[in-house]
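Asks: A single structure is presented below for examination.
The values are calculated or read from the model by the stated rules, or taken from the named source; none is laboratory data. Just so we're clear, the structure is a prediction, and the values are computed from it rather than from any experiment. Every residue, glycine as well, gets a Cβ built from its backbone with ideal geometry; the counts of neighbours run over all protein chains shown. When the accessible area is computed, the model is the full protein with side chains, heavy atoms only, and any ligands, DNA or RNA have been set aside. Shrake-Rupley method; radii C 1.70, N 1.55, O 1.52, S 1.80 Å.
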Amino acid sequence: WKISPKTQHWQYLPIGKRGVSIMISVNTQEKLIGADLIINYDESIYNSLYSHKDEIEKELGTLEWVNKQRNKSCRIRKSVSGDITDASKYEELIEKHIELVINFKEIMSKFLQQKLIRQMGNIRTVN
């Protein structure tokens, strides 16, 4: 991944599907590090993933599922405690965050791929 550093507390990563990305975040106020799957303008993707909530959470642990009415985006969040302001824990938290994001991306990509395959199976060709 090629990422240019920015001053905000989050960074977006593409996941290979239009309108869907992973947001990597650090929250110093709540002392959390995390990853969010952001789904823009396509609630059907969120609903499809939500229909597999138990399977996804079995692999990733408890997640925060957010689909508010009248919002343009939905999100699925995995966060863990981590105080990035404690310099003695930088190495540990960086490794923990990288591992969290890689695992999150792999699992979400797998379930997004399954949705795509199901959609393609529903397409009928006309001769």
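Asks: Is there a residue in the stretch 66-79 that is touching a strand residue (DSSP E or B) at 6+ places or on another chain (Cβ under 6 Å), at pLDDT 90 or above, surrounded by 13 or more Cβ atoms within 10 Å (Cβ to Cβ) and part of a helix (DSSP H, G or I)?
Replies: Scanning the stretch 66-79 turns up no residue that is touching a strand residue (DSSP E or B) at 6+ places or on another chain (Cβ under 6 Å), at pLDDT 90 or above, surrounded by 13 or more Cβ atoms within 10 Å (Cβ to Cβ) and part of a helix (DSSP H, G or I).
Asks: List the residue pairs whose Cβ atoms are under 9 Å apart, where the first residue sits in the stretch 97-115 and is of a type in the set (Ser, Thr, Tyr) and open to solvent by less than 40 Å² (accessible area, probe 1.4 Å), the second is at pLDDT below 95 and not in a helix (DSSP H, G or I), and the two are 6 or more positions apart or on different chains.
Replies: 109/15; 109/16; 109/17
Asks: Starting from residues that are out of contact with any Phe, Trp or Tyr (no Cβ under 6 Å at 6 or more places or on another chain), among the β-branched types (Val, Ile, Thr) and open to solvent by less than 50 Å² (accessible area, probe 1.4 Å), keep the ones in the stretch 23-53 and report whichever is farthest from residue 85 (Cα to Cα).
Replies: For the stretch 23-53, the residue satisfying everything is 45.
Asks: In addition: Has the stretch 1-11 got at least one residue that is at pLDDT below 90, assigned to a helix (DSSP H, G or I) and either more than 24 Å from residue 113 (Cα to Cα) or of a type in the set (Ser, Thr, Tyr) (or both)?
Replies: Start the filter on the stretch 1-11 by keeping residues that are at pLDDT below 90, which leaves 1-11.
In the following step, the residues that additionally are assigned to a helix (DSSP H, G or I) were identified as none.
No, the stretch 1-11 contains no residue that is at pLDDT below 90, assigned to a helix (DSSP H, G or I) and either more than 24 Å from residue 113 (Cα to Cα) or of a type in the set (Ser, Thr, Tyr) (or both).
Asks: List the number of the failed condition for residue 57; all other conditions in (1) under 13 Å from the mean Cα position of the chain (by Cα); (2) part of a helix (DSSP H, G or I); (3) under 14 Å from residue 112 (Cα atoms) hold.
Replies: All conditions are met except number (3).
Asks: Is it fair to say residue 57 is modelled with pLDDT of 95 or more, surrounded by 13 or more Cβ atoms within 10 Å (Cβ to Cβ) and charged (D, E, K, R)?
Replies: Yes, satisfied.
Asks: Of the conditions (1) in contact with a helix residue (DSSP H, G or I) (Cβ under 8 Å, 6 or more places away or on another chain); (2) touching a residue at least 40 places away in the same chain (Cβ under 8 Å), residue 39 satisfies every one except a single condition; which number is it?
Replies: Failing condition for residue 39: (2).
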